[in-house]
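Single-structure report; data block below.
Every read-out reported here was derived from the displayed coordinates using simple, explicitly stated rules and does not represent laboratory data. Everything numeric in this text was worked out from a predicted model, so none of it was measured. Note that each Cβ is placed from the backbone with ideal geometry, even for glycine, and that neighbours are counted across all protein chains shown.
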Amino acid sequence: MSRKNQAIVVILTSMVLLFGLDIPSGGYLFLDKVFDFGHLVLFGVISIAVLRLVQEKGRGYVLAGVITIAGGILSEIIQIPIPGRFCELGDMINDAIGTLTFLGIWYCMHEKGLSLRSKGIVIVVSLLAVGISFVPSVKAGIDDLREWQSFPVIASFERETEIKRWKPKHAEIERVRAHATSGLYSIKLVLKPEGKYPGIGSGYFPRDWSGYRKFMLDAFLEGSQPLRITIRINDKEHNQEYEDRFNRSFRLRPGQNHIVIDLDDVKNAPATRKMDMKNITEICIFSYMLHGQKTIYLDNIRLATARGRLHTYRLL
């Protein structure tokens with residue numbers, strides 16, 4: 001196989017991996033961060049393949065870098081209309097770092113024109129950039145370990161990194177020292193009226209909920225008017241139909257609220273089966289069709305084994 005054909009195969013294979021590979025996180029933020037870091041490696045490899053193509057036409061490293069970085073930006077933009085895909089600036093940055101570092105190291109290994117000292121500097125800087133790009137993965141791995149150690153507490157927000165486990169949708173979140181019921185911190189959740197279902201969700205927590213009896217959280221509602229929120233819980237086998245998950249609405253009163261959900265209700269929520277309590281994959285907390293901005297402080301999201309009275313404010 002010619003060098004040109006080899007390069008084309010590498011590029012096409014990389015594109016298949018980029019758009020077709022979906023690694024389940026298994027509840028671990030670390031795996032998602034490693035997948036993000038994979039963009040750096042993947043586009044580094046693509047940049048070398050592009051270089052081998054354009055060099056045959058007498059062109060070089062700058063053109064290969066421009067083409068690869070532009071391809072990385074385009075690959076993110078075209079994901080905007082695709083359900084379940086996102087255009088992420090962090091991926092674009094990793095794509096660019098991978099392109100520049102791989103081309104820089106390749107140049108030092110295969111080309112003349114730089115002194116040995118200059119090549120050493122380029123290689124060290126490139127490796128340092130790659131190492132720094134892997135730091136978020138290391139931090140996520142450490143936080144995963146702490147998350148599993150603190151379980152059945154799912155979120156107390158005492159660790160600064162915990163907020164990264166929750167994704168807002170038509171909302172803003174901030175870790176604050178206000179209305180905390182466990183420790184010093186809670187999260188301030190500002191729900192925006194622009195979206196139909198403003199709220200937050202997480203899939204980064206231990207997934208085996210078997211053996212526990214309750215799901216609980218504390219919510220402080222700002223203002224003088226009550227607010228209806230919905231809590232959604234689903235497992236790995238969820239088919240995205242409303243009848244195949246747990247949904248329950250609660251009426252939050254102004255001030256402090258304590259919500260408790262019996263996990264037997266979660267288990268029996270799907271219409272045609274039992275929820276797999278050993279593989280819970282998602283928690284969502286959201287409101288519906290707001291006419292104005294609402295602010296809630298959430299804290300002490302946890303599971304419990306003890307039986308007792310359920311102090312809920314459910315909307316019938």
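Things to note:
- In the elastic network of the chain, a GNM with C-alpha springs shorter than 10 Å, the most mobile of Gly113, Gly183, Gly98 is Gly113.
- Rounded tilt (10° steps) of 89-110 against the dominant C-alpha axis of the chain: 30 degrees
- Dipole magnitude of the chain about its Cα centre (Cβ charges: Lys, Arg +1; Asp, Glu -1), debye to nearest 20: 160 debye
- For the pair region 253-268 and region 149-224, the centres of their Cα atoms are 14 angstrom apart.
- Estimated Rh, region 216-260: Kirkwood, alpha-carbon pairs, angstrom: 12.0 Å
- Averaged over residues, the count of other Cβ atoms within 10 Å places the peptides 240-253, 192-205 in the sequence 192-205, 240-253, highest first.
- Taken along the Cα-to-beta-carbon direction at a fixed 7 Å, the label points for Ile121 and Tyr288 span 6.3 nm.
- Theoretical ellipticity at 222 nm over the chain - DSSP helices of four or more residues, -39500 (n - 2.57) apiece, nearest 500: -13500 deg cm²/dmol
- Protection proxy ranking of 292-300, 131-139, 44-52, 279-287, by the mean of other Cβ atoms within 10 Å over each peptide's residues and highest first, is 44-52, 279-287, 292-300, 131-139.
- Average silhouette area of region 149-283, convex hull of alpha-carbon atoms, in square nanometres: 8.3 nm²
- Compactness relative to 2.2 N^0.38 Å, alpha carbon Rg of region 3-150: 1.15
- Shown here is the pair-distance distribution of the chain: with all Cα-Cα distances grouped in 10 Å bins from zero up to the longest one, the shares run 5, 22, 27, 20, 13, 9, 4, 0 percent.
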